[in-house]
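Here the structure comes first, spelled out in structure tokens, and everything after it is commentary.
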Amino acid sequence: MSLVAVDFFVSNSTTRTPIQGVIAKIISRDGTLPLTQAETDASGRAAFLLPADHPLQVRFYKVHITFRNPLLFTPKEAGPNVFGVEGHRVADPVPTDPRLCCAYGYFRSATGAPAAHVDIYFTALFKPLVLDGDLVLTERAALRTDGSGYGQINLLRSGTYAVSIQGYQDNTREIYVPDAANVNLPDLLAPVVQSVAFVPEGPFALRTGQDLPVAVKVVASDGRILAGSAPADVRWSSSNEQVFAPLQAGGALTLRGLGKGSAELRAERLNPSQIRVQDSGIQGVPVTVRVS
């Protein structure tokens, strides 16, 4: 039995861009015998060597993406055996009430499996208020994840809530709901610094011995804008301390020119306990600083 090359190219059905990290599982045509699997690369390609003229099926899996499974195919000796596959991104939920923000997301267990039928409790920390003539009570609300580990709940925009998760009642988290139509619930529960922006934008130029105040906007993954240069959450540094030094005082960020040359202004998160896989780090840095 000869083997032939078989390629599957997975792309987003809306943007037509490749989808990386999709698991493609090759199974016998009757679905009883798993044969092999591969993960798509940056080009969306999952490559296999499979027996020619042997009827098979392939199934695709990735969190937040849906596929029309299974795809039935038969590798041909003469080829080419190239298949295009579309993945459909699950639409973000939007509440009908503009005063609300829909918090949604997926949860997994420590084994990577969906955390199904887990109860998550939300207790409002604000005092009773009147909203559009209606009294809002500070009672506890709850959501339960479904079989795929997915759950969603509508919360008041700009509200503050205490959140506890079934099995972790001793670890209550305080969340801040953004003034937005929706937000990823895991980002609310485990926020990190997501991006920084400068006004005006870099690169920056200054002279030796000069102090240059820099206005910076620091945004967390839960949508909050942190105060000033966020000294409790961000460590600012220079790639060459002989050229310039970033100074933080009272939440303000100042660049001090120390010597002629060029270096990068960098930023890193101060809390290393929030681990994110496939994390691109803080967006908006590094920025070039030139000292004359």
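The values are calculated or read from the model by the stated rules, or taken from the named source; none is laboratory data. The model shown is predicted, which means the values in this text are computed figures rather than measured ones. So basically every Cβ, Gly included, is an ideal-geometry build from the backbone, and we count neighbours across all protein chains shown. These area figures cover heavy atoms from the full protein model, side chains too; ligands, DNA and RNA do not enter into them. Shrake-Rupley method; radii C 1.70, N 1.55, O 1.52, S 1.80 Å.
Can you grab the distance from the C-alpha centre of the stretch 16-64 to the C-alpha centre of the stretch 215-292, Å, no decimals?
42
Using a basic spin-label model with each label point 7 Å from the Cα along Cα→Cβ, how many nm lie between residue 232 and residue 2?
Computed distance between label sites residue 232 and residue 2 equals 6.8 nm.
Across every pair of different alpha-carbon atoms, what Kirkwood hydrodynamic radius in Å does the stretch 3-148 reach? Before the final figure, lay out each step's value.
Numbers: mean 1/r = 0.0535 Å⁻¹.
This gives a value of 18.7 Å.
By the scheme Lys and Arg +1, Asp and Glu -1, what is the net charge of all other residues having a beta-carbon under 14 Å from that of residue 183? Intermediate values should be presented prior to the final figure.
Working: positive: 157, 224; negative: 92, 179, 187, 222.
Combined, the nearby Lys, Arg, Asp and Glu give -2.
Report in % the part of the accessible area of the chain that belongs to carbon and sulfur, leaving out ligands and nucleic acids; probe 1.4 Å. Let's see the in-between values first.
Details: 8450 of 16520 Å².
Carbon and sulfur atoms account for 51 percent of the accessible area of the chain.
Express as a percent, rounded to the nearest 5, the fraction of DSSP beta bridges in the chain (both residues included) that run antiparallel. It would help to have the intermediate numbers written out before the result.
Working: 78 of 91 bridges.
DSSP beta bridges in the chain are roughly 85 percent antiparallel.
Pick from 87, 133, 105 the residue whose mean-square fluctuation is largest in a GNM of the chain, springs joining Cα atoms under 10 Å.
Its mean-square fluctuation being the largest, the pick is 133.
To the nearest 20 Debye, how big is the dipole of the stretch 70-133 about its Cα centre, given +1 on the beta carbon of each Lys and Arg and -1 on that of each Asp and Glu? It would help to have the intermediate numbers written out before the result.
Values: 5 positive and 6 negative charges, 28 e Å.
With Lys and Arg at +1 and Asp and Glu at -1, about 140 debye.
So for the pair residue 254, residue 43, with labels modelled 7 Å out along Cα→Cβ, what separation do we get in nm?
So the label points at residue 254 and residue 43 sit 5.3 nm apart.
Please give, to one decimal in nm, the separation of the simple spin-label points placed at residue 117 and residue 139, each 7 Å out from Cα toward the Cβ.
Between residue 117 and residue 139, the label points sit 2.5 nm apart.
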